[in-house]
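The values are calculated or read from the model by the stated rules, or taken from the named source; none is laboratory data. Keep in mind that this is a model prediction, so the values were computed, not measured. Note that each Cβ is placed from the backbone with ideal geometry, even for glycine, and that neighbours are counted across all protein chains shown.
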Amino acid sequence: MPTGSILSIDLRSTEVTELRTGALAGMRSLSTLMLPPGLTALQGGAFPDTSLLLSLDLSITRITRLPTGAFDGLSRLATLAVPMTLSHIDEGAMRACKALGSIDLTGTAMHRV
């Protein structure tokens with residue numbers, strides 16, 4: 001199956017701990033992504049070509065930092081749930097998120113934005 005035709009990915013039962021740059025490259029039809037609780041790192045550019053993804057739930061992950069370009073490729077992302085472990089958001093992390101209205105940081109370990 002070509003990656004461009006994948007609609008949904010469920011990683012909840014995997015041992016994935018990091019999404020690297022280009023991890024979801026070519027996933028043009030992806031509209032649902034479920035991430036594992038053991039996810040601790042997200043690199044910038046992990047979501048190229050995934051503009052159909054409207055919502056992303058990181059709340060069950062253990063990510064502490066959102067790097068520059070973290071959501072590049074997610075131009076239609078409208079909702080984002082962040083984990084309580086989040087402590088840093090780098091400048092430019094949300095630069096591609098033109099549809100994102102707000103992010104609730106209540107209860108997170110944020111030191112600065």
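Looking only at segment 71-113, residues that are under 13 Å from the mean Cα position of the chain (by Cα) and on the phi > 0 side of the Ramachandran plot come to 1 in all. Among the residues making up segment 20-48, those that are out of contact with any helix residue (DSSP H, G or I) (no Cβ under 9 Å at 6 or more places or on another chain) and under 13 Å from residue 72 (Cα atoms) are 20, 21, 22, 23, 42, 43, 44, 45, 46, 47, 48. Residue check: is residue 3 out of contact with any His (no Cβ under 8 Å at 6 or more places or on another chain), modelled with pLDDT under 90 and among the polar types (S, T, N, Q)? Spelling it out, residue 3 is indeed out of contact with any His (no Cβ under 8 Å at 6 or more places or on another chain), modelled with pLDDT under 90 and among the polar types (S, T, N, Q).
Restricting attention to segment 49-59, and to residues there that are assigned to a loop (DSSP other than H, G, I, E, B) and more than 9 Å from residue 75 (Cα to Cα), which single residue is farthest from the chain's Cα centre (by Cα)? Step through it out loud before you land on a result.
Pass one, segment 49-59, residues assigned to a loop (DSSP other than H, G, I, E, B): 49-54, 58-59.
Okay, now just the ones that are also more than 9 Å from residue 75 (Cα to Cα), so 49, 58-59.
Values: 49: 13, 58: 7, 59: 10 Å.
Of everything passing the filter in segment 49-59, 49 is farthest from the chain's Cα centre (by Cα).
Out of all the residues in segment 86-113, which are more than 26 Å from residue 31 (Cβ to Cβ) and among the β-branched types (Val, Ile, Thr)? Within segment 86-113, 106, 108, 113 meet the criteria.
Name every residue in segment 60-88 that is hydroxyl-bearing (Ser, Thr, Tyr) and surrounded by fewer than 18 Cβ atoms within 10 Å (Cβ to Cβ), in order of residue number.
Passing the criteria: 64, 68, 75, 79, 85, 87.
In segment 6-22, the residues that are surrounded by fewer than 13 Cβ atoms within 10 Å (Cβ to Cβ) reach residues that are of a type in the set (Gly, Ala, Ser) and assigned to a strand (DSSP E or B) with C-beta atoms within less than 9 angstrom, at least six apart or across chains, in these pairs: 17/41; 20/41. Of all the residues in segment 66-102, those that are over 20 Å from residue 32 (Cβ atoms) and in a loop (DSSP other than H, G, I, E, B) number 16.
Within segment 8-48, if we keep just the residues that are β-branched (Val, Ile, Thr) and part of a loop (DSSP other than H, G, I, E, B), the residue that is nearest to residue 60 (Cα to Cα) turns out to be 40.
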